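Here the structure comes first, spelled out in structure tokens, and everything after it is commentary.
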Amino acid sequence: MCGIVGYIGKEEKKSFLLNGLKELEYRGYDSAGIAVLKECEIQAYKATGKLENLANKTSNFTSEDFGIGIGHTRWATHGKPTEINAHPHWGEYSYVVHNGIIENYREIKENLQAQGIKFLSQTDTEVIIHQFEKYLNEGVEIHEAFTKTVSMLHGAYAILIITKKAPDTIFFAKNAVPLIVGKNDKGEKFLASADSPLIGYATDVVYLEDGEYGWLNKEDINLFKKGEKQSIFYKKLKEDKLCAQKEGYRFFMEKEIYEQSSVASETLMGRVKDSSIALDELEGFDFGQINEIKICACGTSYHAALTSAYLFERLSKIKTNIEIASEFRYKEPLLDTKTLFIVISQSGETADTLEALKMAKNSGMKTLAICNVDNSSIVRLADTTILTRAGIEKGVASTKAFATQILTLWMLSLYIGDKKGSLDKETLKSEVKALAHIPSVLHVKDSQHEKIRRLSKRYLHGHGFFYIGRDIFYPLALEGALKLKEISYLHAEGYPAGEMKHGPIALADSELFTIALMPKNTLYDKTKSNVEELSARDATILAISPYEFELADDFIKTSLQEHPMSEFFEMMLITQLLALEIAVRLGNDVDMPRNLAKSVTVE
Ligand code: F6R
């Protein structure tokens, strides 16, 4: 996820901007840049890779006395992580940094290009600065030009603009991604995506709300929403940096669980249209040539793959095989060029998945990566990539990466179904509607989290956990069990609910904990019978369902969702929170569990 900073004042601008970006490193980035405006001169620097590269480029640059500056770390979503695509982006005399995604950038860009305006980058961001300057060049008053520009933008954004036409002012706007304004009693003003860059500089801060925009100079801040001037309420800034990076959560994993609603919106943005799916990454791809899909992945990404097989076969009507990458490599698989080969990886560096991809490429198969990290080894090797846009994931136990992988695969199954003509328009429309509903399903409800926290104390012992479910809830059961074992070190297995009676039920007694996923929309009665069989053998049952279940020892009630995938995501949240709360009670290091690494680059 990108990070932004801004500064107005007399001190060395470069140091606040670079230090501030350093504090935002935890959000992940692949390039960075700054622009400083002083005495009507703007100096801008950009570099790919680590911030040290930007620091080296700016080593001879100083900017004391009054001036203003903006800075940015970029996590690529539109266009490769190159210097051209790094922020700031500029027009003739103005510079912009932007965090988020401008959903309607294509329309704005085409309109500006038709009027002869040239674009340098592949980003969605560049439209902002050209549109702003277009208004200015037409003689629109500067504040009006900014307001009009912001009102054209759809999507998620935190934006900062500086321009030679107003050399003491930073223009800003915020919607759906964070932006904070800070000040101190030395007359300095600051802007940042999070608290941590401001600590040690600002004393008082305003957390902007969605839809707010305005301009800031050394004297004051003008804040608006829907054309109405807003009152400004400063708060005292907290002073603990690590806590600020975790944005008030106890662990990065917890923060990432809570972030899932907003990253899901980013994953869908610009891709979910009124009644269709747009995947620009696949433009020109001939699905008529493909009669099968094979997916390779590891761990959590493998569970996403397993879930997607149900979607590809049901919605795209295409035969789908899923393989664990480390098994695939040595089985001497029969590969066919009419099979689309998909790899799924959060990091893009997993050795087994990368090697599987190499095998597929060598056999002449068409390859597609579903990945969270642009420019990673897997992305560089695959023919095409769809980025999942989850932002950096710091917790070793994957949460938001899984959610965004599932969403991406669901979109892909609809896209392929539509292209192949195997999905009727009515179903497509209702699936698209269901997809758009997921960000709201992913909001964590305080009452539910609290209930899970209280329940967790009963699940700290026993001789094991069985997570059971059917259909797409079977891979979710696998994933729930994986989350628990990774961070609690308790033995947990995921099982298809209907398979328990073929052996594992022998383990059932009161010390066997069964986490039963009992959705209303998918095989409820069948799953219920399977859980009853376990209950009859005295297993302790924690039922997760919208329907009360009289045999449950514990019960977490979910909402009456209309679509199985909404139930899937709601239950996913519950299993993640349950694992988290059990691990917290056991006193484990949730973000860095023993024996595990975030990126597994060895066999
Ligand atoms: C589990 C987890 C791992 C990864 C696996 C693959 O929480 O994070 O199981 O899913 O190591 O990693 P990627 O997706 O980076 O290829």
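The values are calculated or read from the model by the stated rules, or taken from the named source; none is laboratory data. Given the structure is predicted, the values throughout are model-derived calculations rather than measurements. Here the Cβ positions follow ideal geometry from the backbone for every residue, glycine too, while neighbour counts run over all protein chains shown.
Tabulated data for the structure shown
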quantity: Enumeration of residues in the stretch 326-345 that are within 16 Å of the ligand (Cβ to nearest atom) and of a type in the set (A, V, I, L, M); calculated: Ile342, Val343, Ile344
quantity: Any hit, the stretch 564-584, residues being small (Gly, Ala, Ser) and outside any helix (DSSP H, G or I); calculated: no
quantity: Residue match in the stretch 251-260 (condition: under 19 Å from Val373 (Cβ atoms), within 21 Å of the chain's Cα centre (by Cα) and aromatic (Phe, Trp, Tyr)); calculated: yes
quantity: Residue count for the stretch 394-411, restricted to those that are in contact with a Phe, Trp or Tyr (Cβ under 8 Å, 6 or more places away or on another chain) and either away from the ligand (no atom under 16 Å from the Cβ) or of a type in the set (S, T, N, Q) (or both); calculated: 0
quantity: Considering residues of the stretch 284-303 that are of a type in the set (A, V, I, L, M, F, W, C) and under 16 Å from Leu315 (Cα atoms) only, the residue farthest from the ligand (Cβ to nearest atom); calculated: Phe287
quantity: Some residue of the stretch 429-449 being over 29 Å from Ala176 (Cβ atoms), crowded, with 24+ Cβ neighbours inside 10 Å and within 24 Å of the chain's Cα centre (by Cα); calculated: no
quantity: Filtered residues of the stretch 349-379 (kept if assigned to a helix (DSSP H, G or I) and within 14 Å of the ligand (Cβ to nearest atom)); calculated: Ala351, Asp352, Thr353, Leu354, Glu355, Ala356, Leu357, Ser377, Ile378, Val379
quantity: Residue in the stretch 582-600 that is nearest to the chain's Cα centre (by Cα), counting only those that are without any contact (Cβ under 8 Å) to a residue 12 or more places away in the chain and within 25 Å of Leu455 (Cβ to Cβ); calculated: Asp589
quantity: Lone qualifier among Ile468, Ile392, Ile406, Ile472 - being under 21 Å from the mean Cα position of the chain (by Cα), under 21 Å from Gln561 (Cα atoms) and hydrophobic (A, V, I, L, M, F, W, C); calculated: Ile406
quantity: Restricting the stretch 223-268 to residues that are in contact (Cβ under 8 Å) with a residue 40 or more places away in the chain and over 30 Å from Ile487 (Cβ atoms), the residue that is surrounded by the most Cβ atoms within 10 Å (Cβ to Cβ); calculated: Leu237
quantity: Test result for Met592, on the phi < 0 side of the Ramachandran plot and not assigned by TED's automatic domain parsing to the domain that holds Glu479; calculated: yes
quantity: Options Tyr495, Tyr474: the member that is at pLDDT 95 or above, part of a helix (DSSP H, G or I) and hydroxyl-bearing (Ser, Thr, Tyr); calculated: Tyr474
quantity: Long-range neighbours under 8 Å by Cβ, at least six apart or interchain, first residue farther than 8 Å from Ala579 by Cβ within the stretch 478-489, second within 11 Å of the ligand (Cβ to nearest atom) and assigned to a loop (DSSP other than H, G, I, E, B); calculated: Tyr489/Pro593
quantity: Residue satisfying all of: in the stretch 17-73; over 24 Å from Lys598 (Cβ atoms) and β-branched (Val, Ile, Thr); modelled with the lowest pLDDT among these; calculated: Thr62
quantity: Number of positions in the stretch 544-563 that are assigned to a loop (DSSP other than H, G, I, E, B) and among the charged types (D, E, K, R); calculated: 4
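Residue by residue, here is whether (1) surrounded by fewer than 19 Cβ atoms within 10 Å (Cβ to Cβ); (2) touching a residue at least 12 places away in the same chain (Cβ under 8 Å); (3) not hydroxyl-bearing (Ser, Thr, Tyr) holds:
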{"site": "Tyr524", "(1), (2), (3)": "yes, yes, no"}
{"site": "Asn530", "(1), (2), (3)": "no, yes, yes"}
{"site": "Leu551", "(1), (2), (3)": "yes, yes, yes"}
{"site": "Asp554", "(1), (2), (3)": "yes, yes, yes"}
{"site": "Leu560", "(1), (2), (3)": "yes, yes, yes"}
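Quick grid of which residues meet (1) assigned to a strand (DSSP E or B); (2) of a type in the set (Val, Ile, Thr):
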{"site": "Glu259", "(1), (2)": "no, no"}
{"site": "Ser262", "(1), (2)": "no, no"}
{"site": "Lys294", "(1), (2)": "yes, no"}
{"site": "His303", "(1), (2)": "no, no"}
{"site": "Leu315", "(1), (2)": "no, no"}
{"site": "Thr320", "(1), (2)": "yes, yes"}
{"site": "Lys331", "(1), (2)": "no, no"}
{"site": "Ile342", "(1), (2)": "yes, yes"}
